[in-house]
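Undergrad: Quick one: the structure is below, and I'll ask about it shortly.
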Amino acid sequence: MSEASAPATADPVQYINHHLTNWVVGEGFWALNLDTLLFGWLLGGTLVFAGWWTGRRLEFERPRGLQNVLEALVELVGDQIKQVFPGRDPLIGPLAITIFLWVFLMNAMDLLPVDLLPKVAEIIAVNLFGADPHHVYLKVVPTTDLSTTFGMSLSIFALVIYYHIKMKGPVGYIKMFLFHPFGKWAMPVNFLMTAVEEIARPVSLALRLFGNMFAGELIFLLLALLPWWIQWAPTLVWAVFHILIITLQAFIFMILSVVYLGMTQQREAH
């Protein structure tokens, strides 16, 4: 969302590639995207601190400020859970609101000027460490990194397995793969179809969030390549529309997570 610099206009491909490259240490399987970890944990810590701060200053008679916002969110999330999750579970409510707020905050990093934090990182790296400015990378939106979206979706997948085993037992969980949906005479087909169905959920959950946020980030970068006297109007329009996108994607990730966990309860009922 920032003004395009002269080098960016001269070489837009390099400009976009530079902004879409993570700050990485290590190689191969052991590579770590430090910017993803930095901003993800920083925003998670901010969320924890905000909850702690609000909890210490609760006013039951005259709630105000952040307390009002959090109470409204808790009520909204609670209503959604009642519609998609059968029964009651002490983990689901806190999990759902944590997912929504954390994903929303990570998505909202996309609303910062695209050159702001990378430029700050470049100035620090060059002046303090003598780094080459062309090799200073900083990707500030954690949800445009597949590591983030797959990490979260695989965590939900692990919880789904846990709830399946909790409700059905280990033997019942294995039977779900062998005898569903066509009965005992089609066990190989049952296993293949159920395995694909189970794996497809975390994959689609991760790719949906990543794809939408990556596309939004790319549009901001393309707008930043325009001359400053042209870019501000379409950038403002896209930013306003993008507020809806980042909120909707956080809500979808939350509600699908609860739905997948709720399906473990429904299968037991059948």
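Every number here is computed from the coordinates shown, using simple stated rules; none is lab data. All values reported here derive from a predicted model rather than from experimental measurement. No Cβ is skipped: glycine too gets one built from the backbone with ideal geometry, and neighbour counts run over all protein chains shown.
Undergrad: Among residues other than Asn68 whose Cβ falls under 15 Å from its Cβ, what is the net charge (Lys/Arg +1, Asp/Glu -1)?
TA: -1
Undergrad: Still on this structure: Taking +1 at the Cβ of each Lys and Arg and -1 at the Cβ of each Asp and Glu, which of Val189, Leu95, Gly216 sits farthest along the dipole of the stretch 6-269 towards its positive end, judged by Cα position relative to the Cα centre?
TA: Sorting the options by dipole projection puts first Val189.
Undergrad: Which value in deg cm²/dmol, rounded to the nearest 500, describes the helix-derived mean residue ellipticity at 222 nm for the chain, given -39,500 (n - 2.57) per DSSP H run of n ≥ 4 and division by the residue count?
TA: Values: 9 runs with 200 residues, N = 270.
One gets -26000 deg cm²/dmol as the mean residue ellipticity at 222 nm.
Undergrad: What list of ³J(HN,Hα) values in whole Hz, one per residue of the stretch 47-61 in order, does the Karplus curve 6.51 cos²θ - 1.76 cosθ + 1.60 (θ = phi - 60°) give from phi, with Gly and Pro shown as x?
TA: Taking θ as phi minus 60°, the curve returns 5, 5, 5, 4, x, 5, 4, 5, x, 6, 10, 5, 10, 7, 7 Hz for the stretch 47-61.
Undergrad: For volume of the Cα convex hull per residue in Å³, one of (i) 179; (ii) 159; (iii) 207 was computed from the structure I shared and the rest are decoys. Which label?
TA: Computed from these coordinates, volume of the Cα convex hull per residue in Å³ corresponds to label (i).
Undergrad: Right, another one. Going by average Cβ density within 10 Å per residue, which order do the peptides 46-55, 253-262 take, highest to lowest? Intermediate values should be presented prior to the final figure.
TA: Details: 46-55: 13.0, 253-262: 21.1.
Packing order, densest peptide first, comes out as 253-262, 46-55.
Undergrad: Of Gly130, Gly40, Gly216, which has the largest mean-square fluctuation in a 10 Å C-alpha GNM of the chain?
TA: Gly130
Undergrad: Could I ask something else about it? Can you tell me which lysines have their Cα less than 20 Å from the Cα of Lys168? Leave out same-chain residues fewer than eight positions away.
TA: Lys184
Undergrad: Once both labels are modelled 7 Å past Cα along the beta-carbon direction, what's the Trp41-Val240 spacing in nm?
TA: Label-label distance for Trp41 and Val240, simple model: 3.9 nm.
Undergrad: Under 16 Å Cα to Cα from Lys139, which lysines show up? Leave out anything in the same chain fewer than 8 places away.
TA: Lys119
Undergrad: What is the stretch 6-269's relative contact order, in percent, from Cα pairs under 8 angstrom and six or more apart in sequence?
TA: Averaging sequence separation for qualifying contacts and normalising by length gives 28 percent for the stretch 6-269.
Undergrad: Looking at the P(r) of the stretch 136-251, how many percent of alpha-carbon pairs lie beyond 16 Å? Present the calculation step by step, with values, prior to reporting the outcome.
TA: Details: 4704 of 6670 pairs.
More than 16 Å apart: 71 percent of the Cα pairs in the stretch 136-251.
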